[in-house]
Each structure stands twice: as C-alpha cells, then as structure tokens.
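> I am attaching a structure below and will ask some questions about it afterwards.
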Amino acid sequence: MSMAGTALVIGASGFLGSHVTQRLVARGDDVRVLIRTTSSTRGIDGLPVDIRYGEIFDADAVRSAMDGCDVVYYCVVDARPWLRDPRPLWRTNVEGLRTVLDVAVDAHLCKFVFTSSIGTIGRSPDGLADEQTVHNWLDMGGDYIRSRVEAENMLLRYCADRGLPGVAMCVANTFGAGDWLPTPHGGMLAAAVRGKLPFFIDGYDAEVVGIDDAAEAMILAGERGRIGERYIVSERFMSIREVHEIGCAAVGVAPPKVGVPIRLMSAAAHVGGAVARVRGKDTRFTPLNIRLMHIMTPLDHSKAMRELCWRPRPASEAIVAGAHFFRDASRRSTTVQELT
C-alpha cells in the first residue's frame, strides 16, 4: 500500500536506487530523486519523477531535495575496496552520509531508510549470523568494511541521540536486470554468460538476493521498519560457481568449467597488488578483494521476513533475469557497432 506524501531516493542512478525508484513509481507514489549532474539516468529514464541535481556533500542541495518529503531512501555507497587511497571511501561512505543525516534530523521525516551492507554483520563459527552478531572481523575487512561499519554505527547513533527515524538495511550481493555499471559480482556473471570467463573461483561463496526483492525490502522498511533497527536483506548463501551455472544455463552457454582455488587467487593477488603499487595504479585484483569473497558466513534473514513481512523469491530467478539482461545488452552493443 502506498504511503501518502513524497518519497526521496538519494542515489537513484545506482543499481539498487534505480529499482527502488521504479517500484515506488509503479505503486503510484510521488517520487523525487537526488543525483549528480554526471550520473547516468539509464535506470530511471522515462519515469515520472522529480529530478533534483546535487552532491550529498552539499547540505543546501540535500535540504532542498528533502523539503516536503516523508520517506528518504538513501542508496549511496562507494563500493571500491581495491582503492590504494581509501580517502574517497571515507569521504562518501561516512562524511557524505553525515552531511545528509544532519539535514535529515531537522526534516520531519517519517522514515530514513539507509542502505547498509551485510559486511557490517559479524561472522558466526557455528549456525547462522544475524543482526545481533557482533562484528568480529574489522581488522580483516580493510578501509571499505571499516567505512561501512562506521557509517551504519553513525546512523544508529543519530537514531538514538538525535531522534532520526532511521532503519539500516544490510543488503547482500544483488542480481537482476538493469545492472548497467555493472556491480563487481554482476560483471563476473556478465563475463560468464558472454563466454568470456575462462574459470570460476573455487571457494567464492556469498549471500545473494534479487534486486527487485532488495528494493521491495527497502520500501517495506519505509512502512514497517522499526526505528534504530537493522535488517538483513539476503535470500541465500550461494557459491559463485552455482551463480554462473544458473546464469549460463538460462542463456544456453556453457559455464566456466575450470575452478581456480581461492587460496591460489589470493597468492596471485599479492603479486598483482605489488605490481599495481609499483605502477601507481589501482587494480581490483588485490588480496583484500579476494578475502572479501569468502570471509563471511551464512546469514539469517528471518527478522526481515517477520517484522517487514518480506517474502523474497529464490535468488536463482534474479540470476536468470540478470543473465538475460547481460546477454541482450551485449547483443545490442554488437548491433550498434555493426551499424556504425
């Protein structure tokens, strides 16, 4: 059921933000978005939304966009753990968020729905980890994870100390159509379904969720989420091999057959990282990036189901949709090249 008033999506140009925007529009909400002037609008083109331009570091732009809104969906994150210089991570994930929260506490909002990460959840040596599992791998997560944990903690402090009606959504790896950038895990699926991935990483296991279901969880949190609470938004724990097999089967392509052990990938990443440092360039092939592929343990998302009435579909359906999207995007790109 649609809520009265206006919803603001900050970061509507991203994968999750664009899907949140699409679902709000589909149910008849009055929707406003705040994006940068340089942001791609492919995910929201043609939608009847009020587009405002501005940076999250500009309090006046944020205040203007938030004026008159009831619910804010915050979908901004710098998810580049491979950066040699971590300052951009902290600037966006923490300092930018602080600017937005300072505005939000005076905006008379009904709810502020924050996109956090499953990377803020602790690991469990036995059984499933949940929202109460204390984070216990900060020293192994690098600046990316540290910035995400600090961001979520800051949101919760604003809820406790300054009355912000905030909810933190710990979102897993998302799959589905419309992953234009794409995300790092989406990029691997894209390569697999295009027959350009020579191997899979044996030991790469992660929590996954369909992008439409993640967006639905965000919207449900805007209606039913308890202030100051965290919710795990994930459907299941899955190996990357299974992701590739599901996606490739959907489009009739043979999946990568050769598995490279993740320990071997980690060893090679140390060499690759050293070379990148000598060359003064960033590379995604770093020991930290490899570590983040297999460091977490399976999660329990029953709290979101119980309190938000969230009913995620099997993640395999979203992987199939993503596979078709990447295959069709590749065909369109080839056709354009042939025509030009």
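> Give me a comma-separated list of calculated 3J(HN,Hα) values for segment 262-270, in order, Karplus coefficients 6.51, -1.76, 1.60 applied at θ = phi - 60°, integers in Hz, x for any Gly or Pro.
5, 5, 5, 4, 5, 5, 5, 5, 4
> Please list, in chain and number order, the residues 5+ apart from residue 202 or on another chain whose amide H is under 5 Å from its amide H, with Hs placed from the backbone.
For residue 202, whose amide H was placed from the backbone, the distant partners under 5 Å are 260, 262.
> Among 40, 81, 110, whose Cα lies farthest out toward the positive end of the dipole of the chain, if unit charges sit on the beta carbon of Lys, Arg (+1) and Asp, Glu (-1)?
About the Cα centre, the residue reaching furthest to the positive side is 81.
> OK, next. With θ set to phi - 60°, apply the Karplus curve 6.51 cos²θ - 1.76 cosθ + 1.60 along segment 230-239 and write out the HN-Hα couplings as whole Hz, x wherever there is a Gly or Pro.
10, 9, 7, 10, 8, 9, 6, 8, 8, 7
> If you place +1 on the Cβ of every Lys and Arg and -1 on the Cβ of every Asp and Glu, how big does the dipole about the Cα centre of segment 176-327 come out, in debye to the nearest 20?
Magnitude of the dipole: close to 600 debye.
> Continuing with this model, one more query. Work out, in µm²/s and without decimals, the Stokes-Einstein translational diffusion coefficient of segment 1-157 at 37 °C, 0.692 mPa s, Rh from Kirkwood over C-alpha pairs.
This corresponds to a translational diffusion coefficient of 199 µm²/s.
> Please turn the phi angles of segment 113-121 into ³J(HN,Hα) values with the Karplus equation 6.51 cos²θ - 1.76 cosθ + 1.60 (θ = phi - 60°), one per residue in order, whole Hz, x for glycine and proline.
Running phi through 6.51 cos²θ - 1.76 cosθ + 1.60 with θ = phi - 60° gives 9, 9, 7, 9, 9, 5, x, 8, 8 Hz.
> Rounding to the nearest 20 debye, state how big the charge dipole of segment 170-252 is about its Cα centre with +1 on each Lys and Arg Cβ and -1 on each Asp and Glu Cβ.
About 160 debye.
> When the Cα centres of segment 258-274 and segment 276-334 are compared, how far apart do they sit, in Å?
Here the two parts' Cα centres lie 20 Å apart.
> From the alpha carbon gyration tensor of the chain, can you work out the equivalent ellipsoid semi-axes (sqrt of 5 times each eigenvalue) and give them in Å, largest to smallest?
31, 24, 21
> Would you list 327, 277, 32, 23 from fewest to most Cβ contacts within 10 Å?
277, 23, 327, 32
> Considering all projection directions equally, how large on average is the shadow of the alpha-carbon convex hull of segment 84-219, in square nanometres?
10.5 nm²
> Considering only 93, 289, 173, give the residue with the highest GNM mean-square fluctuation for the chain, with springs between Cα atoms whenever their separation is below 10 Å.
289
> What does the helix-only formula give at 222 nm for the chain: each DSSP H stretch with n ≥ 4 adding -39500 (n - 2.57), the total divided by the residues, and the result rounded to the nearest 500 deg cm²/dmol?
Only helices count here, giving -13500 deg cm²/dmol.
> Is there a quick way to get the dipole size of segment 243-320? I mean about its Cα centre, with the Cβ of Lys and Arg at +1 and of Asp and Glu at -1; what is the value in debye to the nearest 20?
It comes to approximately 280 debye.
> Comparing 88, 48, 125, which has the greatest mean-square fluctuation in the GNM of the chain with Cα pairs linked when under 10 Å apart?
Answer for the Gaussian network model of the chain: 125.
> Taking all pairs of distinct Cα atoms, average 1/r, flip it, and tell me the Kirkwood hydrodynamic radius of segment 160-304 in Å to one decimal place.
Result for segment 160-304 stands at 17.2 Å.
> Answer with one residue from 246, 21, 31: the one whose Cα lies farthest towards the positive end of the charge dipole of the chain, charges on Cβ with Lys, Arg +1 and Asp, Glu -1.
So the residue furthest toward the plus end is 246.
> When DSSP beta bridges are limited to those with both residues in the chain, what percentage is antiparallel, rounded to the nearest 5?
DSSP beta bridges in the chain are roughly 10 percent antiparallel.
Rule-based calculations on the coordinates, nothing more; no lab input. What you are looking at is a predicted structure, and each value in this text was computed from that prediction instead of being measured. Glycine also receives a Cβ, built like all others from the backbone with ideal geometry; neighbour counts cover every protein chain displayed.
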